[in-house]
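For reference, the structure is listed below as structure tokens.
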Amino acid sequence: MNYQKLDAALATALNDVQNVEEPSLAVFIHTEPILSPAATTVLESLGISGVSNGKDIFTATLSANAISQLSEQPWVKYLKRSQQLGLVNRRITTGKLGV
């Protein structure tokens with residue numbers, strides 16, 4: 001695995017994976033903008049749809065093994081963990097302004 005291509009959140013999450021074959025991590029895959037047919041085949045074999053030249057960011061839910069495989073590819077720039085964002089359900093109050 002090429003850890004230089006992983007962001008800190010993804011590297012940390014990989015340490016907590018129980019089953020390395022189970023697709024459990026949502027990631028952003030940043031690639032070179034012009035992909036070879038071999039690169040396109042690798043991405044599509046991982047279940048990533050919409051692979052085309054000119055597109056350089058893909059999203060997928062991958063296993064730890066798939067992330068390791070992608071990190072070793074020369075056409076992959078880096079991999080980032082995607083996390084579900086939650087809404088903050090609280091009212092922000094501002095203090096009284098003035099002198």
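The values are calculated or read from the model by the stated rules, or taken from the named source; none is laboratory data. As the structure is a prediction and not an experimental result, all values here were calculated from the model. Note that we place each Cβ from the backbone using ideal geometry, even for glycine, and neighbour counts take in every protein chain shown. What goes into the accessible areas is simple: the full protein's heavy atoms, side chains included, and nothing from ligands, DNA or RNA. Shrake-Rupley method; radii C 1.70, N 1.55, O 1.52, S 1.80 Å.
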- Of the residues that make up segment 59-74, is at least one open to solvent by 40 Å² or more (accessible area, probe 1.4 Å), among the polar types (S, T, N, Q) and at pLDDT below 90? no
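Could you check segment 13-22 and list, in sequence order, the residues that are open to solvent by less than 80 Å² (accessible area, probe 1.4 Å) and either out of contact with any helix residue (DSSP H, G or I) (no Cβ under 7 Å at 6 or more places or on another chain) or part of a helix (DSSP H, G or I) (or both)?
Result: Ala13, Leu14, Asn19.
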- Cβ pairs under 9 Å, 6+ apart, first in segment 33-61 and on the phi > 0 side of the Ramachandran plot and of a type outside the set (Gly, Ala, Ser), second open to solvent by 50 Å² or more (accessible area, probe 1.4 Å) and not in a loop (DSSP other than H, G, I, E, B): none
- Within segment 24-51, how many residues are of a type outside the set (Ser, Thr, Tyr), open to solvent by 80 Å² or more (accessible area, probe 1.4 Å) and not in a helix (DSSP H, G or I)? 1
